[in-house]
Every structure is written in C-alpha cells, then in structure tokens.
1. Are any residues in segment 139-153 more than 14 Å from the chain's Cα centre (by Cα) and either over 29 Å from residue 80 (Cβ atoms) or surrounded by 20 or more Cβ atoms within 10 Å (Cβ to Cβ) (or both), and if so, which ones?
2. Counting just the residues of segment 163-192 that are out of contact with any Pro (no Cβ under 9 Å at 6 or more places or on another chain) and at pLDDT 95 or above, which one comes out surrounded by the most Cβ atoms within 10 Å (Cβ to Cβ)?
3. Kindly state which helices (runs of 4 or more DSSP H) lie completely within segment 1-91 and contain at least 1 residues that are out of contact with any helix residue (DSSP H, G or I) (no Cβ under 7 Å at 6 or more places or on another chain) and either of a type in the set (Val, Ile, Thr) or at pLDDT below 95 (or both).
4. If residue 110 passes every condition in (1) surrounded by 21 or more Cβ atoms within 10 Å (Cβ to Cβ); (2) in a helix (DSSP H, G or I) but one, which one does it miss?
5. Taking residue 126 as meeting all but one of (1) at pLDDT below 95; (2) open to solvent by 70 Å² or more (accessible area, probe 1.4 Å), write down the number of the exception.
6. Out of (1) surrounded by fewer than 22 Cβ atoms within 10 Å (Cβ to Cβ); (2) hydroxyl-bearing (Ser, Thr, Tyr); (3) part of a helix (DSSP H, G or I), what's the single condition that is false for residue 195?
7. Please verify whether segment 66-84 includes one or more residues that are closer than 18 Å to residue 130 by Cα and without any contact (Cβ under 8 Å) to a residue 60 or more places away in the chain.
Amino acid sequence: MAPRTGIVFDNDGLLLDTEPCWTRAETVVFERHGREFDLEAKRALVGTAPETAARVLERLLELPGRGEELSAELYALALEEIAAGAEPRPGAVELLAALDGRWPVAVASNSPRSHLLAGLTRTGLADRFDAVLGVEEVADPKPAPDLYLRACGLLGATPTGSLALEDSPPGVAAARAAGLYVVGVELDADAVFDSLADPAVLTTIVEQLD
C-alpha cells in the first residue's frame, strides 16, 4: 500500500483574511501603552505564537516583565475582532471545495484554537477539515515542525508525501523541517503563487500528490 498523503493549510493570511483583525487589535494595544503601531512592529508580530508575541511586545513597548500580560491583552482583542470580521481570502473557499474528498485536509495555526475556530466558524469553513490544530496542541510553535508533524499524524499521512500551504517564513520553515512539500503564497517556497485563486495552485497540488 502506498504511503497516505495529506494537505495541511496555514490559516491566518492564507485561508482567512485575519490580518486586518490583528492589526486593529495591535493598534489598540500600542495606543493604550503610548506607542504608535507601525510597519516594523507588524513585521515583528506576523506569524508569531503567544509566547513569542509576549517577548516582541515587551521589547517594542519597552515594558520588561509584562510580556505575558500584554500578549493576553492582544489576543483577547484579536479574538473579538476575528469573530466579528474574519473573511475568506480570495480562492480559499473554491480551493477547499475542489479538494473535498480527494485527500485528507488539516489546518494548523500558530494562533490559539479559540481564534482559529472563531474565524473558521464565522466563514463557514470549520467542517471542511479532518483535523484542526491550534498552537497550544503542540510543544513548540512554528518555525518548529511540531504542528505539521502532528497534523500529518492526525490525518494518517506521511509528512514526506504530504503538502503544506503557507504564507509566512515561520510557516515555510516549519513545513520544510517536517518534510512536506511547500506551496507558498507571496513568499519563497517549493512552488510560489500570488493567491490561492490562481488555478495553478490546484494543478500543483494534484501533480504533487497524485
């Protein structure tokens, strides 16, 4: 029997347009602490897990020892924003529909499971996945390979025979470390596209997994 293959999606910025939600929450946190939220801060926080965000916020807001509190403040605001405002990214709904039933599919995020499910539920995509993993379900977040290895395990798929879709450097690093083929949106990967709406994304997945 051939090794089973699977597909693992990142969520924030790839499947769902949650970055505006995070930006609104980040802006509020920075304003509350007397700072302006700028592009440098955004780049430092994109793709981070709560523990990493805590260290970044401590540094950027110059509030040593308060990282855990600042991260909790940010994530609480972001959860409200995501539940009220997350939308699918272009091509996401159509790609998931095209893949439905062909291979087992998971979503694995550096965000907490609560945030992940809030966005997927709002957009009606929660039932499209065979496995849904938030950051608290593994020992180490992306760029460590844990989320991808765990997702493949839940799908009963071999990592080296599976495919990841990502839009952040930590995510690409995690998927590569786990041994998956990586399809990247707007960043360096094994195959690179501008959007999930590009028909060549589906073609690439089929070519790699069939």
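The values are calculated or read from the model by the stated rules, or taken from the named source; none is laboratory data. Computed from a predicted structure; not experimentally measured. Counting neighbours? That spans all protein chains shown, and the Cβs are built from the backbone with ideal geometry, glycine included. Surface areas here come from the heavy atoms of the whole protein model, side chains and all, with no ligands, DNA or RNA. Shrake-Rupley method; radii C 1.70, N 1.55, O 1.52, S 1.80 Å.
1. 149, 152, 153
2. Result: 164.
3. Of the helices (runs of 4 or more DSSP H) lying wholly inside segment 1-91, those with at least 1 residues that are out of contact with any helix residue (DSSP H, G or I) (no Cβ under 7 Å at 6 or more places or on another chain) and either of a type in the set (Val, Ile, Thr) or at pLDDT below 95 (or both) span 19-32, 39-45, 50-61.
4. The failed condition is (2).
5. For residue 126, the failing item is (2).
6. Only one criterion is unmet by residue 195, namely (3).
7. No, the conditions are met nowhere in segment 66-84.
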